[in-house]
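Engineer: There's a structure below that I have some questions on.
Bear in mind these aren't lab numbers, they're just calculated from the coordinates by the rules spelled out. What you see is a predicted model, and the numbers here were worked out from it, not measured in a lab. Note that each Cβ is placed from the backbone with ideal geometry, even for glycine, and that neighbours are counted across all protein chains shown.
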Amino acid sequence: MLQNGFNVVVTREHLFVKFLPFKLFAFQEEHLAAFQNIVIVKLLLRLVRKVVCCLMVVKKMVVVLKIAFVHKKLEIMKNYMNLIEINTVQSFIFLALISIIFSCQDDKLNKNNTEIRIEEKNTMVQLETDSMDEFLFQETQISELIKSVRYLPIKSNGAYEINNPIKVTSSNEHILVLDSEKEALNVLLLDKNANLILKLDNEIIDGFITDVHLSLDQISILDAHNNKIRKFSLSGKDMGEIDISFEAVNISYDPILKRYCLHTPYGDDADDFGVVILDENNLSVSWGVGQANDGMLMPISERFFSLSDGNVFYSNFSEKDIFEIDLSGEITNLLTIDVPNAGTGIKLDPSSWGDQNALNSYLIDQPINKIVANNKYVVIDKFMDNGRFSFLYNRLSGETIKIKHTMRVDNFGPRFDFFFQKFIGSSESEFISLLSAEKFNQIKQFVVDQANYQDSYLIHTPTVEDSDQPVLIFYTFN
């Protein structure tokens, strides 16, 4: 007879009987007769039944939990924590298990997704431009606005030229310049000291560069002529292409979700959209308001700005709302800029481009002339009847600073930092301006002539002697 406290395991060669917790004996098969086989079998069957029963219960619990977690994840967690008292270690284990189940479930849902969903949110902040006081540099220390400024003179040593930069973006290790040269766009990838790493042009991509996006692991180029997205590594390796079936002019890329956001300003009755989010398998969703391609000029790239993580700031044509677009499909109505006498939808006839009055009317009617952003600020450039302004909206504090672009100030203060220059790009924490050597030196001379010149005003700025040597200026705001 087997006594209580025995563990029984039947194998092909031996019957092992373990006296808990230490001794182990092995009996040859001819000794089995010494035991009561019926009792052994009953014990084994009882053990098997209990194991099977436990497995069935666990399986049912998992199914119930999964169903419940999909529908009411937060409610279950809250109710469970209210019903039982558990210590710190148990809490940690419980939350870890919950997160594992959630992540497994989310992975399954993501793999089975057959569409990209759009979720709209409204957290709108309204900027009243008329009632907003201008930031007066002659009355306020510039340090209250600008935390730091750094200058990077570009010494290309003949390796490349920057002619008319359209956009500049920067990461910790790289600077990317989209430059216009003879009605074509070139992509220049530089290191943090402005040494050339890579140049991509229309001949290399065998297409027509329309826009470019720099992320942590790749350069994404939009080829509007061939309706393709071209992918290159940061070392210049061709990583392939994606065909698209619509006309686009701007691009952004999320390296984590591996999704693209394309600006598609033109549409018709059947295909009326402003942006398209798509993945590398061409699964896509469109959103926004497109315009008929009637040959008239309207702001396009100025209404679309992308961060290095892929998030986009976007405004529909002639509208006052700015949306933040997360490539997961979440679109937030971030803020509205209230500009009097703007937003009537004026477009510009190309034949009137040289007409200053027509151009001014066109620029003033656009509620938003340009969007630039980083992780903390959204900057809106706006032409108004009384001058050109930048509105710096702090996304963390909700405060907005209104700056007029002018050089006619009474006192530059003890340090001059080119505060009036427009931004052409950003990094995660900085805004970027680029000045030609000629313009850079003209501004410095203006300070000498107009601001009761003192050496300390300009001693921190670089000396630029080469006429082909532009200067990048990186601003960080408080």
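Engineer: Would you please calculate the Kirkwood hydrodynamic radius of the stretch 190-295 over all C-alpha pairs and express it in Å, rounded to one decimal?
Structural biologist: Numbers: mean 1/r = 0.0688 Å⁻¹.
For the stretch 190-295, the Kirkwood estimate is 14.5 Å.
Engineer: Another question, if that's okay. If amide hydrogens are placed 1.01 Å from N in the peptide plane, which non-local residues have theirs closer than 5 Å to the one on His225?
Structural biologist: Here the answer is Phe208, since their amide H atoms fall under 5 Å of that of His225.
Engineer: So, with +1 on the Cβ of K and R and -1 on the Cβ of D and E, and no other charges, what is the size of the charge dipole of the stretch 119-477 about its Cα centre, to the nearest 20 debye? List each step's numbers first, then the result.
Structural biologist: Details: 29 positive and 56 negative charges, 205 e Å.
With only Lys, Arg, Asp and Glu charged at Cβ, the dipole is about 980 debye.
Engineer: Counting only other residues whose beta carbon sits under 15 Å from that of Asp468, what net charge do I get with K and R as +1, D and E as -1? Could you put the intermediate results ahead of the total?
Structural biologist: Working: positive: Lys155, Lys439; negative: Glu161, Asp179, Glu181, Glu438, Glu465, Asp466.
Combined, the nearby Lys, Arg, Asp and Glu give -4.
Engineer: List the residues, sorted by chain then number, that are 5 or more residues from Tyr266 or on another chain and whose placed amide H is less than 5 Å from its amide H.
Structural biologist: The list, which skips near neighbours in sequence, is Gln291.
Engineer: Oh, and also: Rg and Dmax of the stretch 182-223, using alpha carbons, in Å: what are they?
Structural biologist: 10.7, 30
Engineer: Consider a paramagnetic label point 7 Å from the Cα of Ser429 along Cα→Cβ; state which residues of the stretch 360-396 have an amide N under 20 Å from it.
Structural biologist: 373-379, 393-396
Engineer: Hey, another quick one. So how much slack lies between Ser467 and Asn157, counting 0.36 nm per residue of separation and subtracting their Cα-Cα distance, in nm? Write out the running numbers ahead of the final one.
Structural biologist: Working: separation 310, 0.36 × 310 = 111.60 nm, distance 1.26 nm.
My answer for the length gained is 110.3 nm.
Engineer: Past the 27 Å Cα-Cα mark, which pairs from Lys167/Lys192; Lys228/Lys376; Lys147/Lys422; Lys231/Lys320? Write out the running numbers ahead of the final one.
Structural biologist: On the way: Lys167/Lys192 16 Å; Lys228/Lys376 32 Å; Lys147/Lys422 17 Å; Lys231/Lys320 34 Å.
Over 27 Å apart, Cα to Cα: Lys228/Lys376; Lys231/Lys320.
Engineer: Additional query: If R₀ is 35 angstrom, what is the calculated FRET efficiency for the pair Asn122 and Lys258, using the beta carbon separation as r and rounding to 0.05?
Structural biologist: Working: r = 28 Å, r/R0 = 0.81.
It comes out at approximately 0.80.
Engineer: Something else about it: Can you list the HN-Hα couplings for the stretch 382-396, worked out from phi with the Karplus curve (6.51, -1.76, 1.60; θ = phi - 60°), rounded to whole Hz and with x for Gly and Pro?
Structural biologist: With the stated coefficients, the stretch 382-396 comes to 8, 7, 10, 4, 9, x, 9, 10, 10, 10, 9, 9, 7, 5, 8 Hz.
Engineer: With each pseudo-label sitting 7 Å past Cα toward Cβ, what's the Glu203-Asn226 distance in nm, one decimal?
Structural biologist: The modelled label-to-label distance comes out at 1.6 nm.
Engineer: Suppose each label sits 7 Å from its Cα in the direction of the beta carbon; what would the Lys182-Asp385 distance come out to in nanometres?
Structural biologist: Result: 4.6 nm between the two label points.
Engineer: Another one. If packing is taken as the average count of other Cβ atoms within 10 Å, what order do 156-166, 224-234, 189-199, 312-322 fall into, highest mean first?
Structural biologist: Details: 156-166: 13.9, 224-234: 17.4, 189-199: 15.5, 312-322: 21.5.
Result, highest mean Cβ count within 10 Å first: 312-322, 224-234, 189-199, 156-166.
Engineer: Can you tally the net charge around Glu120? Count Lys and Arg as +1, Asp and Glu as -1, for every other residue whose Cβ sits under 15 Å from the Cβ of Glu120.
Structural biologist: Details: positive: Arg117, Lys121; negative: Glu119, Glu319, Asp321, Glu324, Asp326, Glu330.
Taking every other residue near Glu120 into account, the sum is -4.
Engineer: Convert each backbone phi in the stretch 200-213 into a coupling constant with the Karplus relation 6.51 cos²θ - 1.76 cosθ + 1.60 (shift: θ = phi - 60°), then list the ³J(HN,Hα) values in order as whole Hz, x for Gly and Pro.
Structural biologist: Whole-Hz 3J(HN,Hα) from phi for the stretch 200-213: 10, 10, 4, 5, 5, 8, 6, x, 9, 5, 10, 7, 8, 9.
Engineer: Let me ask something else about it. Packing-wise, with mean Cβ within 10 Å as the measure, how do 176-187, 251-262 rank, highest first?
Structural biologist: Working: 176-187: 17.2, 251-262: 21.2.
Peptide ranking by packing, descending: 251-262, 176-187.
Engineer: Amide H neighbours of Ile197 under 5 Å, counting only residues 5+ apart in sequence or on other chains, H built in-plane at 1.01 Å?
Structural biologist: Hits under the 5 Å cutoff: Leu189, Leu190, Asp191.
Engineer: So how much slack lies between Asp238 and Asn357, counting 0.36 nm per residue of separation and subtracting their Cα-Cα distance, in nm? Present the calculation step by step, with values, prior to reporting the outcome.
Structural biologist: Working: separation 119, 0.36 × 119 = 42.84 nm, distance 4.66 nm.
Result: 38.2 nm gained on full extension.
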